[in-house]
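Single-structure report; data block below.
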Amino acid sequence: SVLVVGETGTGKELVAQSIHSHSNRSDGPFLSQNCAAIPSTLLESILFGTTRGSYTQAEDRPGLFELANHGTLFLDEIGELPLDIQAKLLQVIQNKEVRAIGAVSPTPVDFRIICATNRDLRQMVEDHTFRLDLYHRLNAVELNIPPLRERRDDILPLATFFLNHFNEQNHTNKYLTASVLHLFANYSWPGNVRELQHVIEGAVALCPNDAITLDQLPMEFHILGQKALLTSASHADGLTLKQAVEQLETQMIETALQSSSSAAEAAEKLGIDASTLSKKRKRYGL
């Protein structure tokens, strides 16, 4: 059993899919269920299955545990499970057999369970809202996915990945300007990778030409941009105009080079030709 812990939007389900695809169960099914997405009364039947006549209009339907036989079942937002379903889930994991609602005998099942949460399950155990025995059953291996703000080296590669994806999807050739890349690198990304993906998708859709600028970004980035200007102005205090311009040019060139696969691509993002960029790199020792 694997427990994937991280903030919303960090990509916990992608981690679960990766574990499954690299395991000896990769030929089996990978099934996913968000425990917070549906009412607990329906969740029980979805997980464990139903038998005909167990309640009005009930049919013989296998639950996710049966459907995940010889594969992997991923349960997201596991902390949202009510205590009564937690008890039944623990029984299924311990005995490797599931009893559908209304069934007389259980059905053997062979599955791997991977769970994810953005909540503190240890605190929930202390608060008696999550079972201690279930926590230990689910937590054989715990993987903590850090938020995007704590792995800033991933921001620009991920931005490039999503940009290429949406360019291909929309048959466009949009690119992120150096000022936008600078804001991306300094933004806190409270919604993590999912927020980055949505920002890129919206910018590609809204941009009237190839160069994505601040105008196509949400309001949070406008506020961040204003703060950056104020910060730059305060840091420039005591500098000559020439020195301030050189400082800004250096920052923008460095950002463009870091986010580009070639000097020619960086020059295009900066809106200058390749020879001009080459001269400036020599001048600033970049």
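Which residue pairs have Cβ atoms under 8 Å apart, sit 6 or more places apart or on different chains, and have a first residue in the range 66-81 that is more than 13 Å from Ile113 (Cβ to Cβ) and a second that is aromatic (Phe, Trp, Tyr) and in a loop (DSSP other than H, G, I, E, B)? From residues that are more than 13 Å from Ile113 (Cβ to Cβ), the pairs are Gly79/Phe130. Against the criterion of being at pLDDT 80 or above, farther than 13 Å from Thr177 by Cβ, polar (S, T, N, Q) and assigned to a helix (DSSP H, G or I), Ser234 does not qualify. Filtering the range 245-286 to residues that are crowded, with 18+ Cβ neighbours inside 10 Å and hydroxyl-bearing (Ser, Thr, Tyr) leaves Thr255, Ser259, Ser260.
Condition (residue is β-branched (Val, Ile, Thr), touching a residue at least 12 places away in the same chain (Cβ under 8 Å) and closer than 21 Å to Glu254 by Cα) applied to the range 208-215: is it met by at least one residue? Explain how you work it out, then say what you get.
Taking the range 208-215 first, the residues β-branched (Val, Ile, Thr) are 212-213.
Okay, now just the ones that are also touching a residue at least 12 places away in the same chain (Cβ under 8 Å), so 212-213.
From what is left, the residues that are closer than 21 Å to Glu254 by Cα are 212-213.
Yes, there is a match, as at least one residue in the range 208-215 is β-branched (Val, Ile, Thr), touching a residue at least 12 places away in the same chain (Cβ under 8 Å) and closer than 21 Å to Glu254 by Cα.
Of all residues in the range 1-54, those being out of contact with any strand residue (DSSP E or B) (no Cβ under 8 Å at 6 or more places or on another chain), in contact (Cβ under 8 Å) with a residue 24 or more places away in the chain and polar (S, T, N, Q) number 2. Taking Arg131 as the residue in question, decide whether it is buried (at least 17 other Cβ atoms within 10 Å of the Cβ), at pLDDT below 95 and farther than 30 Å from Ala203 by Cβ. Against the criterion (buried (at least 17 other Cβ atoms within 10 Å of the Cβ), at pLDDT below 95 and farther than 30 Å from Ala203 by Cβ), Arg131 does not qualify. Scanning the range 205-218 for residues that are surrounded by 15 or more Cβ atoms within 10 Å (Cβ to Cβ) and either modelled with pLDDT of 95 or more or in a loop (DSSP other than H, G, I, E, B) (or both) yields Cys207, Leu217.
Considering the range 136-157, the residues that are of a type outside the set (S, T, N, Q) and open to solvent by less than 40 Å² (accessible area, probe 1.4 Å) include one that is nearest to Phe74 (Cα to Cα), namely Leu138. Put simply, of His165, His171, His182 the only residue that is in contact with a helix residue (DSSP H, G or I) (Cβ under 6 Å, 6 or more places away or on another chain) and either open to solvent by less than 50 Å² (accessible area, probe 1.4 Å) or not aromatic (Phe, Trp, Tyr) (or both) is His182. Among residues of the range 115-128 being open to solvent by 80 Å² or more (accessible area, probe 1.4 Å) and part of a loop (DSSP other than H, G, I, E, B), the one that is nearest to Ala16 (Cα to Cα) is Arg119.
Going by the conditions given, is Arg112 open to solvent by 60 Å² or more (accessible area, probe 1.4 Å) and touching a residue at least 60 places away in the same chain (Cβ under 8 Å)? So Arg112 passes the test. Taken as a whole, the range 67-89 holds no residue that is of a type in the set (Val, Ile, Thr) and open to solvent by 60 Å² or more (accessible area, probe 1.4 Å).
The values are calculated or read from the model by the stated rules, or taken from the named source; none is laboratory data. What you are looking at is a predicted structure, and each value in this text was computed from that prediction instead of being measured. Quick reminder, even Gly has a Cβ in these numbers, built from the backbone with ideal geometry, and neighbours come from all protein chains shown. Surface accessibility is based on the protein's heavy atoms, side chains included, excluding ligands, DNA and RNA. Shrake-Rupley method; radii C 1.70, N 1.55, O 1.52, S 1.80 Å.
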